[in-house]
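The values are calculated or read from the model by the stated rules, or taken from the named source; none is laboratory data. The shown structure was predicted, so the numbers you read here are calculated from the model rather than taken from an experiment. Note: ideal-geometry Cβ built from the backbone for every residue, glycine included; neighbour counts use all protein chains shown.
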Amino acid sequence: MVDIDAMAQSIDEAARTHTAIRQFGKSLREEDAYAVQAASIKRRLTRGERRIGMKMGFTSRAKMDQMGVHDMIWGRLTDQMLVEEGAPIKLADYIHPRVEPEIAFLIGARLQGIVSIAQAQAAVAAVAPAMEIIDSRYENFQFALGDVVADNASSSGVVIGPWATRDTDIANIGMLMSIDGEVVQVGSSAAILGHPLRSLVAAARLVGNAGESLEPGDIVLAGAATPAEALRPGCHVRIEVQRLGCADFSVAA
């Protein structure tokens, strides 16, 4: 029998103390893993954190094939994950952090369940360039599907740039991420399920399956457009997104 509370406590303590733990293994079913995630986030909320949205994962066919899954995964965002744009972070607050370029949606109207792309777009208040700091709580950054779902889909931090109008065309826009002025990743928003709005459609379905909804003011990270890059002491990270603008942050030396 799976001890949901014990696993949630283990994940929560690993994140809180920045200490890697052993993987739970392939025996952890996806539905149980989501129960662990929910229980772990509940511990954070009890301590005073506030849920502000969600993030999508495995939003590329290549990543789904790599993990042997047929659907995307998702995790919850809290206010303590927000990194002020342009501000420094401390590596000591993470275990083995990496960063990836994303597009963020600001929700303007309630969204839940099966919706069309048109309905999803109508619920968007604004879009922005963003970066997600991911940080698996498992040893050696290795995990099975159940592990990563239980670990809140590796979500640890989010940097959001300036919000642009909801009607900005984001179907196939260039995304460039650099570290210390050197370009390290180049991609397109089309890498996110062919169009980032498809990720928002999936987000509404997935949260609906969990009995939740996307509410006005929520932030949704559409998923990575390129592979992630490891962070190192003293580095400066910047994302430039066509039509949306730029965002940056640094790592303290």
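Of all residues in segment 133-157, those satisfying the criterion of being closer than 15 Å to E100 by Cα, outside any helix (DSSP H, G or I) and not β-branched (V, I, T) are D135, S136, S155, S156, G157.
Among the residues of segment 103-129, those identified as within 19 Å of L206 (Cβ to Cβ) and either of a type in the set (F, W, Y) or assigned to a strand (DSSP E or B) (or both) are I103, A104, F105, L106, I107, L111, V124. So which residues in segment 234-251 are touching a residue at least 40 places away in the same chain (Cβ under 8 Å) and over 11 Å from I89 (Cβ atoms)? Residues satisfying the conditions are H236, R238, I239, E240, V241, Q242, R243, L244, G245, C246, A247, D248.
Just to be sure I understand the filter: pairs with C-beta atoms under 6 Å, separated by 6 or more residues or on different chains, first member in segment 25-43 and part of a loop (DSSP other than H, G, I, E, B) and among the charged types (D, E, K, R), second member at pLDDT 95 or above and surrounded by 19 or more Cβ atoms within 10 Å (Cβ to Cβ). Which pairs pass? So the pair list comes out empty.
Screening segment 208-253 for residues that are under 24 Å from S188 (Cβ atoms) and of a type in the set (K, R) and picking the one that is nearest to the chain's Cα centre (by Cα) gives R238. Across segment 216-235, the number of residues qualifying as on the phi < 0 side of the Ramachandran plot and surrounded by 14 or more Cβ atoms within 10 Å (Cβ to Cβ) comes to 13.
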